[in-house]
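The values are calculated or read from the model by the stated rules, or taken from the named source; none is laboratory data. All figures in this text were calculated on a predicted structure; none of them were measured in a lab. Because the Cβ atoms are built from the backbone with ideal geometry, glycine has one as well, and the counts that use them run over all protein chains shown. These accessible areas exclude ligands, DNA and RNA; they are computed on the full protein's heavy atoms, side chains included. Shrake-Rupley method; radii C 1.70, N 1.55, O 1.52, S 1.80 Å.
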Amino acid sequence: MSSGPTVVPTGLVVLVGPPASGKTTFVRELVAQGSLDPEAVVSSDEIRAEFCEGEAMDAASDIIDAQVFDERDRRLSNRLAAGRIAVAESTNVTPRARARLAAIAERFGAPVTVLRFCQDEADLLKQNQERERTDVSAADVSAYAALMRRDANGARLRVEGAASVYDVPGRGQGATPAEAARRFRFRLL
């Protein structure tokens, strides 16, 4: 018997998972189901696309990355300052990436909820092949998966300041993105 969906409090929601783990599909499904305001999702990939519109994207460019993440931080800060939920949609598999986000949440007294996307590497590689994106190689996916295994377990995330940590089910657990999204509800302000 299910106790109903997990209610995620207003604050900073940090998605943590390698490329191809289903983060973007999950938040799109949340928006489609009306569980999350589309403006709540702050995606580093979407910001990068805005900055590089009409130009070839050099995903490895340190200058572009710095601009993208500064803009992401500004957008997250604006939402948290207004007392609204903010969802940081990027890989966030390293402690350094999460520390930057935790500092933003702390500045606004906002709780941090981490949603982990823990998929088997074989599933990640298959999902990466199925995606329309070509800028992330199989080696990249494997490297991020290794970082996730090493640096993003639940205990470590709590030590880093996460008030709550939840695993989002995916293909490996037999859940579609729609089913996974129905397992969560967000307090909307």
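Surface composition of the range 103-170: carbon and sulfur make up 50 percent of the accessible area, probe 1.4 Å.
In the full protein context, the chain carries 52 Å² of accessible surface per residue, based on a 1.4 Å probe and ignoring ligands, DNA and RNA.
Sequentially through the range 22-27, phi angles give Karplus couplings (6.51, -1.76, 1.60; θ = phi - 60°) of x, 4, 5, 4, 4, 5 Hz, Gly and Pro residues having no value and appearing as x.
Taking only Cα atoms of the range 45-123, what ratio of Rg to Rh do you get with Rh as the Kirkwood inverse-distance radius? Please report the intermediate quantities before stating the final value.
On the way: Rg = 14.2 Å, Rh = 14.1 Å.
Answer for the range 45-123: 1.00.
Please sort 40-51, 5-16 by packing, taking for each peptide the average over its residues of neighbouring beta carbons within 10 angstrom, highest first.
Details: 40-51: 18.0, 5-16: 20.7.
Those peptides, ordered most packed to least, come out 5-16, 40-51.
Less than 5 angstrom separates the built amide H of Cys118 from those of Val168, all sequence-distant by 5 or more or on a different chain. Using a Gaussian network model of the chain in which every pair of alpha carbons under 10 angstrom is joined by a spring, one finds that among Val136, Val31, Val165 the greatest mean-square fluctuation is at Val136. From helices alone, the chain scores -14000 deg cm²/dmol at 222 nm; the rule is -39500 (n - 2.57) for each run of n ≥ 4 DSSP H residues, then divide by the residue total. The GluC sites (Glu not before Pro) of the range 101-135 meeting both criteria, a DSSP state outside H, G, I, E and B (loop) and at most 10 other C-beta atoms within 10 angstrom of the site's C-beta, are Glu132. Highest mobility in the GNM of the chain, judged by mean-square fluctuation with C-alpha springs under 10 Å and restricted to Ala20, Ala105, Ala122, is found for Ala122. Over the chain, one equal point on each Cα, no solvent: what is log10 I(q)/I(0) by the Debye formula at q = 0.10, 0.16, 0.17 Å⁻¹? For the chain, the Cα-only Debye profile gives -0.38, -1.04, -1.19. With both labels modelled 7 Å from their Cα along Cα-to-Cβ, the Arg149 to Phe51 distance reads 3.1 nm.
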